[in-house]
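Structure record follows, encoded as structure tokens.
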């Protein structure tokens, strides 16, 4: 028997699974570094941490599974109108608008919910350890391990959620555009914040390595700081490069409706961007040629109409003259008959 999984839960299950995996990584990282001198402190961590992670994971399953006592209006709209495979069950314009807005909302809120859940687990865990007299060093290790798990969970949630909903969002846009509806009033997230995830990935990787270095060295810390700064500059350069390509596309799109022959010229040396440039130029040339043919057809039609109007005037005038001549001829005949009589 096939189980019908709600669409939002179908998206969230991999995110929840990844978050649990990140928590497990953090769990063993903390165990490797923390001392837990008191037995009660160690047992608290060993039992409370997995339980808290599973509880909040279960709460996520309940929420995105569409439980009636705890779900948002957006989750309800999506699950009632979109199947687990992403197929639409309703095609009314108002419904499609609501689905589109709900998908955008879920995309923005998923990362926030993952962050809130991870932070809740971390805070409760610290409180439990503090009550059981954990040392400051152990609490610091738990905080560091928890932050690492939260970051990797949020990064995956951000990228995966938008990728998973890509086809559904695209279909919504297609339907709304075909029906003449506007989708530009929806508040979308920028691509810029994703850049910072790319920067902090090496930061947390270096942090994990640092945790296992037995003795702290100022020189090593400075080298890591310089390496992170270099990574930031490289990532920022990459982001600027991608942004330039996107801005070029936007500028080209603005030139198309003007009517002149638009040519997309890119400064990129990547074959994907260059191939896209060639495809856009071919499409632009076809649009330009079609427009010119249309203008020529309009001119030919206008000339034809003018010729028809002239022909119509000539034929009408001729007919009118013929009618007048017939009337005059008839009058002459009648006059001649009267004279004859």
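What follows is calculated from the coordinates using simple rules that are stated; it is not laboratory data. Note that the coordinates shown come from a computational prediction; the quantities given were computed from them, not determined experimentally. Don't worry about glycine lacking a Cβ; one is built from the backbone with ideal geometry, like all the others, and counts go over all protein chains shown.
Return the distance in nm (one decimal) between the two label points of a simple spin-label model at residue 279 and residue 196, each offset 7 Å from Cα along Cα→Cβ.
For the pair residue 279/residue 196, the computed spacing is 3.3 nm.
Assuming 0.36 nm per residue, please report the length gained on full extension of the stretch residue 236 to residue 143 beyond their Cα-Cα distance.
Working: separation 93, 0.36 × 93 = 33.48 nm, distance 2.85 nm.
Extra length from residue 236 to residue 143 when fully extended: 30.6 nm.
FRET efficiency for residue 73 and residue 124, Cβ-Cβ distance as r, R0 = 25 Å, nearest 0.05?
It comes to 0.30.
Hey, how many Å between the Cα centroid of the range 60-139 and the Cα centroid of the range 286-341?
Comparing the Cα centres of the range 60-139 and the range 286-341, I get a distance of 76 Å.
Cut-off is 10 Å between beta-carbons; in what order do 242, 78 appear when sorted fewest neighbours first?
Ordered by Cβ neighbours within 10 Å, fewest first: 242, 78.
Fewest first, what order do 241, 105 take by the number of other Cβ atoms within 10 Å?
Values: 241 13, 105 18.
In increasing order of surrounding Cβ atoms, one gets 241, 105.
Want the number for residue 61 to residue 177: 0.36 nm per residue separation, take away the alpha-carbon distance, what's left?
Difference between extended and current length: 38.4 nm.
Relative contact order, percent, of the range 7-189 when contacts are C-alpha pairs under 8 Å separated by at least 6 residues? Don't skip to the answer; put the middle values down first.
Values: 175 pairs, mean separation 63.9, N = 183.
It rounds to 35 percent for the range 7-189.
Please give the Cα centre distance for the range 241-255 versus the range 14-38, rounded to the nearest Å.
The two parts, judged by their Cα centres, are 43 Å apart.
Along Cα→Cβ, 7 Å out, is where each label goes; now give me the distance between the ones at residue 80 and residue 51 in nm to one decimal.
3.8
For residue 330 paired with residue 246, estimate the spin-label separation in nm (one decimal), with each label point 7 Å from Cα along the Cα-to-Cβ line.
It works out to 8.2 nm between the two label points.
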